[in-house]
Amino acid sequence: MTTPAAPRSNAAGVLLRLAIPCAILVGGWFGFAELARHIERPPEPASAKAVLRSRVADVDVVDFPVVVKTHAVVQAHNEVTLTSQVSGTVVKVSPSFEVGAYFTSGEVLVEIDPRDYETALSIAKSQRAAAKSELKLAKLVEERKLRLIESNAVSQGEVDAASASREQAEANVALAETRMEQAALDLQRTKIVAPFDGRVKSKRIGLGHLAGSNSPLGEVFAIDFVEVRLPISGLQRRFLDLPEFAEDTPLNVTLRDAVGASEDALWRGTIVRTEGLLDEDSRDLFAIARVNDPFGRQSGAPPLRIGQPVVAAIEGKTLHDVIALPRAAVRQLDQVILVDRVDQTLLPLKVAPLWSDAEHVIVPSSVIPTGMWLATTPMPYAPEGARIEIIPNADVNATIADSTATASDKNATN
C-alpha cells in the first residue's frame, strides 16, 4: 500500500524547485519598483529663448559723387629709337647718353668722326665754284653771239649752241649746289642730336664703335608728360562724361602706385581723349590720361616711372537723392536688413544697386521705407517681423545674435 506515495512526493519536489526562482523574480521586481519610485530626478531646465541683437545705423538721403577706379600701366607718349644716318667711327659720347640719364632738346648725344664728311663738303664747294665759272663764261659767249647775229657775223645755229651751253652751265651750277647741300647735311648728321627733352631707355653703342647707316644707337623717351591707358567698362562709362573731341572738358584723375601703395605718392592728371574702338576681348573702352611733369623735375613730386602699375580714381557723375549703404551691411550683393524704429522689428529687403564700390552700395532713396534703421551686425537668421535688441554703439564686443547671456541671466534668476 506504499506505492502511490512516491509520485506525490516527486510532484511536490518539482513544484518547490519552480517556486523558488519565481519568488526571487517577483521579489526583485517589487524591489526595483520601490527603489525607482524614490529616486529624485532634477527638473528639466527651461529652454533658453534666443534674442537677436544688432547694431543699427541711420539711413540718410545724400548726393553721392561717383569715383570710378581702374588699373593701368604708365607709358611714354613719345618713344623713339635713335639711328645713325651716316656711317663712321663714334668719336664722342655725351655723359647724358647713359641709361636713365636726362638730356635736353638739341643736345649732342653721339658724334661720329666728321673728317670724311668735311672733305666731301670741301670738294662739293669747289665743284660749285667751278660750275659757276663755267656758267659765267657761257653767259659771255651767248651775249657775244647775240650781238654778232645782228650784223649777220654769226649764224643762228651758233647762237642756239651758245644758248644751250649757257643752260647746261646753269644746270651744272644747280647740281653742284645740291651736292654741296647734301655734303653739308651729311656732315651735320655726324652729330646725333636729342629731338626733345627726355631720358635714355637703352644704349647700344659706345666710344670707338663703328656705326653703320641706319644702325640703332639707343632708345629714348620724352619726359614732358606721360600717358596712362585706362580701361573703362560699359557699366563704368554710364557714370563718366568721357571727352570725345578736343574741345570737350577733360576729366580729373588721381593715380596711386599699385605696388607699394602710399598716401603720399599720388599724381594728378586729366583724361584728354578716348580711343575710337572697344577692346575685342573685354569690350572695354580705353581712356587716355595725361600727367605733366611725371618725374617731378619742376614740382618736386615723387617720380611716376614708365611701366609703373597704378590705380586710377576718376571723378564721375554725382548721384542725387540716393542712400549710401555700407558694403558690410549688404548680404548676398543685394539684400539688407532693416529695423523698424518704433517696434524694433526686422524687415529683410532686396535692393537693386545703382552703383557699388569697395566701401558703399548706392541705392535709390525710394526703395528704403521711411522710419527705418539699417542693421549692420551679421545675423545667422533674420525672419521678417522678429523683434531685435539694439546693441549700443559702446558695446564693441557684441557682434552677432547673442542668446547665451540672456538665457543664463534667466536661469540665475529662477
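The values are calculated or read from the model by the stated rules, or taken from the named source; none is laboratory data. Not measured: the values here are computed from a predicted model. FYI the Cβ positions are ideal-geometry reconstructions off the backbone, even for glycines, and counts take in every protein chain you see.
Consider Leu140 against the criteria (1) modelled with pLDDT of 95 or more; (2) more than 30 Å from Ile205 (Cβ to Cβ); (3) aliphatic (A, V, I, L, M): it satisfies all of them except one. Which criterion is unmet?
Here Leu140 clears every test but (1).
Count, please, the residues in the stretch 329-340 that happen to be closer than 16 Å to Glu384 by Cβ, in contact with a strand residue (DSSP E or B) (Cβ under 6 Å, 6 or more places away or on another chain) and surrounded by 14 or more Cβ atoms within 10 Å (Cβ to Cβ).
Result for the stretch 329-340: 4.
Conditions: (1) without any contact (Cβ under 8 Å) to a residue 12 or more places away in the chain; (2) farther than 24 Å from Ile271 by Cβ; (3) not charged (D, E, K, R). Leu235 meets all but one. Number of the miss?
(2)
Would you pick out the residues in the stretch 220-243 that are acidic (Asp, Glu) and buried (at least 18 other Cβ atoms within 10 Å of the Cβ)? Walk me through it before giving the result.
If we filter the stretch 220-243 for residues that are acidic (Asp, Glu), which is where we start, we get 224, 227, 241.
Within the stretch 220-243, just Glu227 meets the criteria.
Pick out the one residue from Gly276, Gly260, Gly206 that is out of contact with any Phe, Trp or Tyr (no Cβ under 8 Å at 6 or more places or on another chain), assigned to a strand (DSSP E or B) and either on the phi < 0 side of the Ramachandran plot or modelled with pLDDT under 90 (or both).
Exactly one residue qualifies, and that residue is Gly276.
Count, please, the residues in the stretch 291-301 that happen to be surrounded by 15 or more Cβ atoms within 10 Å (Cβ to Cβ) and part of a loop (DSSP other than H, G, I, E, B).
So the answer is 4.
The conditions are (1) surrounded by 13 or more Cβ atoms within 10 Å (Cβ to Cβ); (2) assigned to a strand (DSSP E or B), and Asp321 fails exactly one of them. Which is it?
(1)
In this structure, does Ala23 turn out to be aliphatic (A, V, I, L, M), modelled with pLDDT of 70 or more and surrounded by 14 or more Cβ atoms within 10 Å (Cβ to Cβ)?
The answer is no for Ala23.
Name every residue in the stretch 302-318 that is touching a residue at least 40 places away in the same chain (Cβ under 8 Å) and either outside any strand (DSSP E or B) or farther than 17 Å from Val67 by Cα (or both), in order of residue number.
Quick first cut of the stretch 302-318, residues touching a residue at least 40 places away in the same chain (Cβ under 8 Å) only: 304-318.
Leu304, Arg305, Ile306, Gly307, Gln308, Pro309, listed by residue number.
What is the one condition in (1) touching a Lys or Arg at 6+ places or on another chain (Cβ under 6 Å); (2) surrounded by fewer than 12 Cβ atoms within 10 Å (Cβ to Cβ); (3) closer than 30 Å to Ala184 by Cα that Tyr102 does not satisfy?
(2)
Inspect the stretch 115-128 for any residue being in a helix (DSSP H, G or I), crowded, with 17+ Cβ neighbours inside 10 Å, at pLDDT 90 or above and hydroxyl-bearing (Ser, Thr, Tyr) and give the result as yes or no.
There is at least one residue in the stretch 115-128 that is in a helix (DSSP H, G or I), crowded, with 17+ Cβ neighbours inside 10 Å, at pLDDT 90 or above and hydroxyl-bearing (Ser, Thr, Tyr).
Looking at this structure, is Ala194 touching a Gly at 6+ places or on another chain (Cβ under 8 Å), of a type in the set (A, V, I, L, M, F, W, C) and touching a residue at least 60 places away in the same chain (Cβ under 8 Å)? Explain how you work it out, then say what you get.
On the way: touching a Gly at 6+ places or on another chain (Cβ under 8 Å): yes; of a type in the set (A, V, I, L, M, F, W, C): yes; touching a residue at least 60 places away in the same chain (Cβ under 8 Å): yes.
Against the criterion (touching a Gly at 6+ places or on another chain (Cβ under 8 Å), of a type in the set (A, V, I, L, M, F, W, C) and touching a residue at least 60 places away in the same chain (Cβ under 8 Å)), Ala194 qualifies.
Residues that are of a type in the set (Ser, Thr, Tyr) and at pLDDT below 90: does the stretch 377-391 have at least one?
Yes, there is a match, as at least one residue in the stretch 377-391 is of a type in the set (Ser, Thr, Tyr) and at pLDDT below 90.
From the list Phe221, Phe245, which one is of a type in the set (Phe, Trp, Tyr) and in contact with a strand residue (DSSP E or B) (Cβ under 6 Å, 6 or more places away or on another chain)?
Of Phe221, Phe245, the one residue that is of a type in the set (Phe, Trp, Tyr) and in contact with a strand residue (DSSP E or B) (Cβ under 6 Å, 6 or more places away or on another chain) is Phe221.
Could you identify the single residue in Glu158, Glu142 that is in a helix (DSSP H, G or I), charged (D, E, K, R), surrounded by 16 or more Cβ atoms within 10 Å (Cβ to Cβ) and touching a helix residue (DSSP H, G or I) at 6+ places or on another chain (Cβ under 8 Å)?
Criteria check complete, one pass: Glu142.
Scanning the stretch 37-64 for residues that are outside any strand (DSSP E or B), among the hydrophobic types (A, V, I, L, M, F, W, C) and surrounded by 10 or more Cβ atoms within 10 Å (Cβ to Cβ), which turns out modelled with the highest pLDDT? Can you show your working first?
Step one: list which residues in the stretch 37-64 are outside any strand (DSSP E or B), which gives 37-51, 55, 59-60.
Cutting the leftovers down to among the hydrophobic types (A, V, I, L, M, F, W, C) gives us 39, 46, 48, 50-51, 59.
If we keep only those that are surrounded by 10 or more Cβ atoms within 10 Å (Cβ to Cβ) as well, we get 46, 48, 50-51, 59.
On the way: Ala46: 53, Ala48: 53, Ala50: 61, Val51: 72, Val59: 91.
Applying the filter and picking the extreme gives Val59.
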